[in-house]
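Accompanying notes for the structure given below.
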Amino acid sequence: MKTIIEETYEGMSRMAARIVADEIRKKPDMVLGLATGGTPLGMYKELIRIHKQEGLDFSRVITFNLDEYYGLSPDNEQSYHYYMYENFFKHINIKPENIHIPDGTVEDINEFCEEYDREIQRVGGIDLQVLGIGRNGHIGFNEPGDELITETHVTTLTEETRIANARFFGKLENVPEKAVTMGLGTIMKAKKILLLASGREKAGIMSELLSDTNVTTKVPASFLHLHPDTTVIMDRDSAMELLAKKL
Ligand code: PGA
């Protein structure tokens, strides 16, 4: 894995946005995998700026989001649908029909998951997948466990993840217990991966992830060691423990 450490969150966000923008310029109809959560917000802001000030064109870009809470409808303010439109899509010239986000409200969720993976394949696979990372090493909502699931699926969130995300829901009881997420295989099939980490609360997991190249289902992100083209971009706070180990 290639690792880039930026001094600040803003620096990390600018670097990530630049990499995404370069890929779009190289391939205007690229397939872009997107993440939600606190970490990529700065990247979205910078991509919106590049779109408005430098004319970055999203009109042919196809997007697939990593995950969505199970049971939350797209107009729910806590849903990732809502997040993506508010923080990114409504500010750029992407075509609504090119946007894909898992829907946690459909009746036949298993069929929906299978179709999500088929649709990714139909458009040629994901060219660049942006990822955040959970404090427990999850990517998407692939939580640590005895085994990991390859395809897009419904998963049960760990208590740790629900607590981490309670800040968006007011209180823990409001955080859904399940989510729909791309599987590890879906993520690993992306041609390029960009993992973003920021803040002190990620310092432990980033040190664990990058101190060796072992792979374990207990740290789902460790599978990225097997991926041929993954770049990690961190801010200094999230790299703190890693840097301290190297001194
Ligand atoms: P965060 O979430 O960006 O809000 O820290 C990352 C994740 O849980 O994958």
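The values are calculated or read from the model by the stated rules, or taken from the named source; none is laboratory data. All values derive from a computational prediction rather than experimental measurement. Cβ: placed from backbone, ideal geometry, glycine included. Neighbour counts: every protein chain shown. In case anyone asks, the SASA skips ligands and DNA or RNA and just uses the protein heavy atoms, side chains included. Shrake-Rupley method; radii C 1.70, N 1.55, O 1.52, S 1.80 Å.
With the cut-off at under 16 Å, measuring from each backbone N in segment 104-123 to a point 7 Å along the Cα-to-Cβ line of F168 picks out 104-105. At 7 Å along the Cα-to-beta-carbon direction for both K218 and R200, put a label point, then send me their distance in nm to one decimal. About 2.6 nm, to one decimal. Taking a straight line from the alpha carbon of K27, these aspartates and glutamates sit under 20 Å away, with near neighbours fewer than eight places off in the same chain left out: E46, E54, D57, E97, E119, D127, D229.
Shape of segment 149-247 from the C-alpha gyration tensor: oblate (a/c of 1.5 or more and a/b not above b/c, with a ≥ b ≥ c the square roots of its eigenvalues). Taking a ≥ b ≥ c as the square roots of the eigenvalues of the Cα gyration tensor, the chain is classed as rounded, since a/c falls below 1.5. Report note on the peptides 102-109, 133-140: ranked by the mean count of other C-beta atoms within 10 Å, highest first, their order is 133-140, 102-109.
Net charge within 11 Å of H91 by Cβ-Cβ distance, Lys/Arg positive one each and Asp/Glu negative one each, not counting H91 itself? Here the count lands on +3. With both residues required to sit in the chain, DSSP beta bridges show an antiparallel share near 30%. Antiparallel beta bridges, as assigned by DSSP with both residues in segment 1-146, represent about 10 percent of the total such bridges. Overall, the accessible surface of segment 1-154 at a probe of 1.4 angstrom is composed of carbon and sulfur to the extent of 46 percent. For the residue pairs K52/K218; K178/K202; K45/K191; K189/K245; K45/K245; K45/K192, alpha carbon separations beyond 30 Å are given by K52/K218; K189/K245; K45/K245.
Ordered from highest to lowest accessible area with the whole protein assembly present and a 1.4 Å probe, I5, I233 read as I5, I233. Tally Lys and Arg at +1 and Asp and Glu at -1 over the other residues with C-beta under 13 Å from the C-beta of R25: what net charge comes out? After counting each charged neighbour, the total is -2.
Could you give the accessible area per residue of the chain, probe 1.4 Å, as a whole number in Å²?
Values: 11260 Å² over 247 residues.
With the other protein chains kept in place, the chain gives 46 Å² per residue.
Would you mind classifying segment 1-74 by shape? Square roots of the alpha carbon gyration tensor eigenvalues, ordered a ≥ b ≥ c; an a/c under 1.5 is rounded, otherwise it is prolate if a/b is larger than b/c and oblate if not. Oblate shape, in that a/c is at least 1.5 and b/c is the bigger or equal ratio.
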